[in-house]
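Computed from the coordinates by the stated procedures, all read-outs in this text should not be read as laboratory data. Since the model is a prediction, treat every value here as computed from it, not as a measurement. A quick note on method: Cβ atoms are made from the backbone with ideal geometry, for glycine too, and the neighbour counts reach across all protein chains shown.
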Amino acid sequence: MHGKEKLKKSWRETGKALFLKKSRNHKSDNLSDLLEKDKAIWSKAFDQENKKEKVVICADERVIPRKGEFKIGIAGQMILAGKKDKDNFTRNWKGKIRAVRGHDGCGAAGVAYSKLSKTEKSRFLIKTKEEFLDYDPRNRVSDADLYGAYHSYLLAKELDAEFEYIGFSEMRGEKEFHDARGIFWSADPTFDPTDLLKDNYLPPHFLANGLAFGLSEKYCREELKILTGIALGNHGFEKLFNKNPPFYVVNVGKNLEEAKKMSKIARNILGEHKDKIAFKYLST
Ligand SMILES: [Zn+2]
């Protein structure tokens, strides 16, 4: 299938998610009554019992946690975060994370790699040759993905966690583009809505919940901007989004007040795209 046709097919498919229809008919930005109405479904997003293993994986909508895992979604497993954020995270979560898992075609790794100078790039490639010999997909991934993998490997070591790496075959969605129809921007450490992809309730979505795990608001604001930019840009559905159907930015707070406040912040950050975004918020 031609790339454009593939994109349109995926747009049609992802557009069938019940959440999109329900949100369209839902006039308020506050999703509380939708949560109440579909309580049995939404309770799975807050269910901690069946998600005991925390994994640090990309906020990317194509990277979803495995059964029993809770997704800590941070772009490129924190590859774009500053030292202070990384140190904070390590201090708080060392020994409590099961795995740090990198993935093929990581946009965040691409951004981080492109920021390196020529000398830094060649130094990195030599270094990984010496230090990263046991990493087996190294011969098939791009240099940027190798950079992302190496970052994840080092972070896993710091956290006393397993390092893992997955290829496209273990991801959902398409290799060529992002099919996210929304983003959950969450400050609630109990919230992971991955299970709601089942039965076509939620559409594919980014999950950025660094705020819930102690990353700075400064970093998380920037990350929200980057991820929304990807979905609304030419690596995502781009022009297919408009006032109706919009891209959904769903703010999740530990309480309704926090969720509402985040929604206001998101509106400010994403002002340039406001005609293509519906801002919603929720809390348990
Ligand atoms: Zn990624």
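Please compute the Kirkwood hydrodynamic radius of the stretch 1-40 from all pairs of different C-alpha atoms, in Å with one decimal.
Every distinct Cα pair counted, the radius reaches 12.0 Å.
Below 21 Å Cα-Cα, how many Lys pairs turn up in the stretch 100-220? Only count pairs eight or more apart in sequence, or on different chains, if you could.
Pairs that pass both the separation and distance tests number 9.
Which Cα, out of 117, 156, 178, lies furthest along the positive dipole direction of the chain (beta carbon charges, K/R +1, D/E -1)?
178
Testing the spin-label approximation: label points 7 Å from Cα along Cα→Cβ at residue 46 and residue 238. State their distance in nm.
About 4.0 nm separates the two model spin labels.
Which whole number in µm²/s is D for the chain by Stokes-Einstein, with the Kirkwood Rh taken over Cα pairs at 37 °C and 0.692 mPa s?
Working: Rh = 19.2 Å.
Translational D for this selection: 171 µm²/s.
Once you have a ≥ b ≥ c as the square roots of the Cα gyration tensor eigenvalues for the stretch 153-284, tell me rounded if a/c is under 1.5, and otherwise prolate or oblate according to whether a/b is larger than b/c.
Details: a/c = 1.56, a/b = 1.13, b/c = 1.38.
It comes out oblate by the Cα gyration axes.
Label residue 143 and residue 218 with points 7 Å out from Cα along Cα→Cβ: what is the distance between them in nm?
For residue 143 paired with residue 218, the spin-label model returns 3.0 nm.
Which listed residue (30, 65, 95) has the Cα farthest towards the positive end of the charge dipole for the stretch 18-128, taking +1 on Lys and Arg C-beta and -1 on Asp and Glu C-beta about the Cα centre?
95
Where does helix 256-269 land angle-wise versus the long Cα axis of the chain, in degrees 0 to 90, nearest 10?
Roughly 70 degrees, rounded to the nearest 10.
Which of 185, 42, 11 comes first, and how do the rest follow, when ranked by fewest Cβ neighbours within 10 Å? Write out the running numbers ahead of the final one.
Details: 185 31, 42 21, 11 15.
Result, fewest neighbours first: 11, 42, 185.
May I ask for the Rg/Rh ratio of the stretch 206-284, computed from Cα atoms with Rh as the Kirkwood radius, given to two decimals?
Working: Rg = 12.4 Å, Rh = 12.9 Å.
Taking Rg over the Kirkwood Rh, I get 0.96.
Once the piece of chain linking residue 131 and residue 32 is laid out straight, how much longer is it, given 0.36 nm per residue of separation minus the C-alpha distance between them? Could the numbers behind the result be given before it?
Numbers: separation 99, 0.36 × 99 = 35.64 nm, distance 5.03 nm.
Difference between extended and current length: 30.6 nm.
Mind checking the full-extension length gain between residue 169 and residue 83? Use 0.36 nm per residue of separation minus the Cα-Cα distance, one decimal, nm. Display every interim value, and only then the final one.
Details: separation 86, 0.36 × 86 = 30.96 nm, distance 3.21 nm.
Answer, rounded to one decimal: 27.8 nm.
No solvent, one uniform scatterer per C-alpha: report log10 I(q)/I(0) for the stretch 72-176 via the Debye equation at q = 0.16, 0.19 1/Å, two decimals.
Result of the Debye calculation: -0.71, -1.00.
Quick one: order 269, 126, 72, 64 by neighbouring beta-carbon count within 10 Å, fewest to most. Could you put the intermediate results ahead of the total?
On the way: 269 17, 126 10, 72 26, 64 20.
Fewest-to-most Cβ neighbours within 10 Å comes out as 126, 269, 64, 72.
Quick one: 274, 254, fewest Cβ neighbours within 10 Å first, how do they rank? Display every interim value, and only then the final one.
Working: 274 13, 254 17.
Arranged by neighbour count, lowest to highest, 274, 254 become 274, 254.
For residue 6, which aspartates and glutamates qualify as cross-link partners when the Cα separation must be under 15 Å and same-chain residues fewer than eight apart are set aside?
Once the sequence-local aspartates and glutamates are set aside, what remains near residue 6 is 174, 176, 179, 238.
Gain in length, residue 199 to residue 121, computed as 0.36 nm per residue apart minus the alpha-carbon separation, to one decimal in nm?
Numbers: separation 78, 0.36 × 78 = 28.08 nm, distance 4.43 nm.
Once the chain is fully extended between residue 199 and residue 121, it gains 23.7 nm.
In µm²/s, what is D for the stretch 10-115 at 25 °C and 0.890 mPa s, where D = kT/(6 pi eta Rh) by Stokes-Einstein and Rh is the Kirkwood radius from Cα pairs? Walk me through the intermediate numbers first.
Working: Rh = 16.5 Å.
It comes out at roughly 149 µm²/s.
Modelled label-to-label distance, residue 8 and residue 22, 7 Å Cα→beta-carbon offset: nm?
Computed distance between label sites residue 8 and residue 22 equals 3.1 nm.
State to the nearest 20 debye the size of the charge dipole of the chain about its Cα centre, where the only charges are +1 on K and R beta carbons and -1 on D and E beta carbons.
Working: 54 positive and 42 negative charges, 153 e Å.
In total the dipole reaches around 740 debye.
Using a ≥ b ≥ c from the Cα gyration tensor of the stretch 134-222 (square roots of the eigenvalues), is it rounded, prolate or oblate, where a/c under 1.5 gives rounded and otherwise the larger of a/b and b/c decides, a/b for prolate? Can you show the working numbers first?
Numbers: a/c = 1.95, a/b = 1.24, b/c = 1.57.
Because a/c hits 1.5 or more and a/b fails to exceed b/c, the stretch 134-222 counts as oblate.
Could you name the lysines in cross-link range of residue 37, using Cα to Cα under 17 Å and dropping any fewer than eight places away on the same chain?
21, 22, 27, 280
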